[in-house]
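Structure first, commentary second.
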Amino acid sequence: FSQRPRVEPLPLAPAAEVKGKRPIVTEKTMTALRDDSMPLARVTTKDAYAESPWLDSATMQPTTRRPLGTDVVKFRTWIDPSRPGFSAVTIEPVYRLAADPSVPERELDRLVPEAHPAWKRAQDLLEKLGGKPLLETAPRAPTAVP
């Protein structure tokens, strides 16, 4: 049985390709999370997944505040096989847009904006792992001058 939740990372979540097979990259990632003082509520090395509790975005410490808005965030981390000899690491910083008991909780999660400190922390962790971004920002088309 897997302890990994049956959810996939949100599209456009910070992700990088890291050299190494999944078990090695998983250990490296879990160590990087601990070294960065990331509080973790759920860790399953066997299933290559980690999840933080809800954190106050100013202090990045666990909070009991209701998770609504960008002041309270959560990180989820997946490590998946990529091309031979590489693994894809995704670190998803999310917040809850609203509280709606009629909707599954996961559907209320949204990625924090790129300017948010949680986004920067996810990117910094991926850089510490030596990862190459999986999604590059598309170059903007030149604007025509009339």
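The values are calculated or read from the model by the stated rules, or taken from the named source; none is laboratory data. These figures come from a predicted structure and were not determined experimentally. All Cβ positions, glycine included, derive from the backbone under ideal geometry; neighbour counts span all protein chains shown. Just the protein is used for accessible areas: all its heavy atoms, side chains included, with ligands, DNA and RNA removed. Shrake-Rupley method; radii C 1.70, N 1.55, O 1.52, S 1.80 Å.
Values computed for the structure shown
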{"quantity": "Checking Val112 against (1) surrounded by 19 or more Cβ atoms within 10 Å (Cβ to Cβ); (2) in contact with a Pro (Cβ under 8 Å, 6 or more places away or on another chain); (3) closer than 21 Å to Arg4 by Cβ; (4) not aromatic (Phe, Trp, Tyr), the condition it does not meet", "calculated": "(3)"}
{"quantity": "Selection count, the stretch 75-91, where residues are open to solvent by 20 Å² or more (accessible area, probe 1.4 Å) and not aromatic (Phe, Trp, Tyr)", "calculated": "6"}
{"quantity": "So Ala48, is it farther than 15 Å from Val112 by Cβ, buried (at least 20 other Cβ atoms within 10 Å of the Cβ) and in contact with a strand residue (DSSP E or B) (Cβ under 8 Å, 6 or more places away or on another chain)", "calculated": "yes"}
{"quantity": "Any hit, the stretch 92-108, residues being open to solvent by 20 Å² or more (accessible area, probe 1.4 Å) and either under 15 Å from Ala32 (Cβ atoms) or in contact with a Phe, Trp or Tyr (Cβ under 8 Å, 6 or more places away or on another chain) (or both)", "calculated": "no"}
{"quantity": "Some residue of the stretch 55-65 being free of Cβ contacts under 8 Å to residues at least 40 places away in the same chain, open to solvent by less than 90 Å² (accessible area, probe 1.4 Å) and under 13 Å from the mean Cα position of the chain (by Cα)", "calculated": "no"}
{"quantity": "Tally, over the stretch 8-51, of residues that are assigned to a loop (DSSP other than H, G, I, E, B), closer than 24 Å to Arg83 by Cβ and not basic (Lys, Arg)", "calculated": "11"}
{"quantity": "Phe1, sole failed condition from (1) open to solvent by less than 50 Å² (accessible area, probe 1.4 Å); (2) of a type outside the set (Val, Ile, Thr); (3) assigned to a loop (DSSP other than H, G, I, E, B); (4) more than 22 Å from Arg96 (Cα to Cα)", "calculated": "(1)"}
